Amino acid sequence: MEIAVLNINGQDTGKKITLSDEIFGVQANDHAMYLDVKRYLADQRQGTAKAKERSEMSGSTRKLKKQKGTGGARSGDINSPVMVGGARCFGPRPRDYSFKLNKKVKALARKSALTCKAQDGQIIVVEDFTFEAPKTKKMVDLKNNLKINDKKSLLVLQSENKNVYLSSRNLEKSKITTANQLTTYDVLDAQALVFTESAVEALNKIFENK
C-alpha cells in the first residue's frame, strides 16, 4: 500500500512511500501477538520477590508447649507459619520469568501488529528530521501538526537521535524507538505510529529474510 509522506509541519510533500505487503499486509495472527506481548511483559518482571521460609527464620526453636495433654492442637516453635510473625509457607523466591519465543513467531507477531495498525489507518510517515537542541515544545508542535497531540504515539526512527529522544521524554503520551528495537507491545500500545522515511526502509531490510 502507498502512503503520503508528510513534513514536520504536517503538510503533504507530494511524495509517496510504499509500505511492503510482506510487513504491513500479512494475515494477522492473534495468537502470535499474544505470545510476543506475554514474552515482553515477562521480560520486564524483576523476579526479586522473596519471603523467608521456616528454615530461614532467626527466632527461637524451642517447642512452645508439650505435645500432648493440653487439649489443644500440637504446636512447634515460634517460627511456624501459623504463628503471628512466623515464616511464610511456600513463599516466593527470586526467579527469572522470561521465556524463549522462536524468531519466526516474533517476526510474525510484529508483522501482524503493523498490519492491524495499517488497516486501521494509524500509520503516518514523515520526512527524516532532527532537532538542533532538545526542546519539548518542538515535539509538542510536531504532534499538533500531525493531529495526534491527544493520542498515545510511537515515533520510529532509523537510528537513535538524542535530541529527538530528549524532546519527547517529558511527554506522557509519546515514546521513541528505532526500527531494530520495535516490539509488538509498543506497536499495539500506540494509537498512532509515526515512521520516518528511513525507518520504513530500515524495517524492510530487517524483515527481508524473515
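The values are calculated or read from the model by the stated rules, or taken from the named source; none is laboratory data. What you are looking at is a predicted structure, and each value in this text was computed from that prediction instead of being measured. Counting neighbours? That spans all protein chains shown, and the Cβs are built from the backbone with ideal geometry, glycine included.
Results, tabulated for the structure shown:
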{"quantity": "Out of D128, D77, sole residue that is surrounded by 11 or more Cβ atoms within 10 Å (Cβ to Cβ), free of Cβ contacts under 8 Å to residues at least 24 places away in the same chain, outside any helix (DSSP H, G or I) and of a type in the set (D, E, K, R)", "calculated": "D77"}
{"quantity": "The stretch 139-198 - residue that is among the hydroxyl-bearing types (S, T, Y) and in a helix (DSSP H, G or I) and, of those, nearest to A109 (Cα to Cα)", "calculated": "T184"}
{"quantity": "Considering residues of the stretch 1-27 that are assigned to a strand (DSSP E or B) and touching a Gly at 6+ places or on another chain (Cβ under 9 Å) only, the residue surrounded by the most Cβ atoms within 10 Å (Cβ to Cβ)", "calculated": "V5"}
{"quantity": "Residue count, the stretch 66-124 (criterion: of a type in the set (S, T, N, Q), within 30 Å of G10 (Cα to Cα) and touching a helix residue (DSSP H, G or I) at 6+ places or on another chain (Cβ under 6 Å))", "calculated": "2"}
{"quantity": "Subset tally (residues that are at pLDDT below 95, over 14 Å from D96 (Cα atoms) and not hydrophobic (A, V, I, L, M, F, W, C)) for the stretch 33-63", "calculated": "11"}
{"quantity": "Sole exception among (1) assigned by TED's automatic domain parsing to the domain that holds V164; (2) farther than 30 Å from V5 by Cβ; (3) in a loop (DSSP other than H, G, I, E, B) for K68, by number", "calculated": "(1)"}
{"quantity": "Residue that is surrounded by the fewest Cβ atoms within 10 Å (Cβ to Cβ), among those in the stretch 31-74 that are over 17 Å from P92 (Cα atoms) and among the hydroxyl-bearing types (S, T, Y)", "calculated": "S58"}
{"quantity": "The stretch 178-200 - residue that is over 9 Å from the mean Cα position of the chain (by Cα) and of a type outside the set (A, V, I, L, M, F, W, C) and, of those, surrounded by the most Cβ atoms within 10 Å (Cβ to Cβ)", "calculated": "T196"}
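Yes/no matrix, rows are residues, columns are (1) assigned to a loop (DSSP other than H, G, I, E, B); (2) under 30 Å from A179 (Cα atoms):
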{"position": "D43", "(1), (2)": "no, yes"}
{"position": "G47", "(1), (2)": "yes, yes"}
{"position": "M83", "(1), (2)": "yes, no"}
{"position": "F90", "(1), (2)": "yes, no"}
{"position": "P94", "(1), (2)": "yes, no"}
{"position": "S98", "(1), (2)": "yes, yes"}
{"position": "L101", "(1), (2)": "yes, yes"}
